[in-house]
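Structure record follows, encoded as structure tokens.
A short reminder: the numbers here are calculations on the coordinates, not readings from a lab. If you're wondering where the values come from, they're calculated on a predicted model, not measured in any experiment. Please note: Cβ atoms are built from the backbone with ideal geometry, for glycine as well, and neighbour counts cover all protein chains shown.
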Amino acid sequence: MQRNYWDKVADDFEEEIFSVFDNDSSGLITAAIKKYAAKTKTATDIGCGTGSFLPLMSERFKHVTAIDISPKVLRRAESSHTHLGNIDFRVADLSKPGAALHKADVCLCVNVLLTPSLGSRIRMLDTLCTHIKRKGHLVLVVPSLESVMLTHSRLVEWNLKEGVSPSRAASARF
């Protein structure tokens, strides 16, 4: 993922980015978090965005680390959740070699594996796997085709709004 893309959408995050938290109508992600949670365990929210899942995680885990690639998005998450005292906020790019994270009992990773680069996705998955403690759990949500299509559509709209020519906007990659 490109950090500059996420920094640019930070101010309008809720309008620009599909909210998995708000649209999890069956409550599958919430149920998974609750199933693996305990006040003695630690958790990490990889790609936390503005922090939709952080209140739920904060009340159920001893400690939560919120990670995002964008410093601007992470600052928004931190400023919205200052009342939750058991969360640390960290900027990290999991696709970069050597991205070191503290081990956690539970890792939530929602729509982070959006990059078209297979090498980047493999590095990200390797980082995730080494980040989870033995007998820990990964709650992984991967984008659906509809999510990818919506993301591409929003990218085209954003590029057009920024003055990019229609042909370049249509061929843009995220």
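Odds and ends about this structure:
- Extending 7 Å from Cα along the Cβ direction at ASP126 and again at VAL20 yields two label points whose distance is 2.3 nm.
- Note that the chain carries a Kirkwood radius of 16.7 Å, evaluated over its alpha carbons pair by pair.
- Annotation: aspartates and glutamates with alpha-carbon distance below 18 angstrom to LYS41 (same-chain offsets under eight excluded): GLU59, ASP88, ASP105.
- Among 121-133, 21-33, the order from most to least packed when residues are scored by Cβ within 10 Å on average: 121-133, 21-33
- Theoretical ellipticity at 222 nm over the chain - DSSP helices of four or more residues, -39500 (n - 2.57) apiece, nearest 500: -12000 deg cm²/dmol
- Percent of Cα pairs exceeding the 16 Å cut-off, where the set is segment 24-67: 32
- Members of LYS8/LYS133; LYS72/LYS135; LYS72/LYS161; LYS34/LYS96; LYS62/LYS133 lying beyond 26 Å, as alpha-carbon distances in this model show: LYS8/LYS133; LYS72/LYS135; LYS34/LYS96
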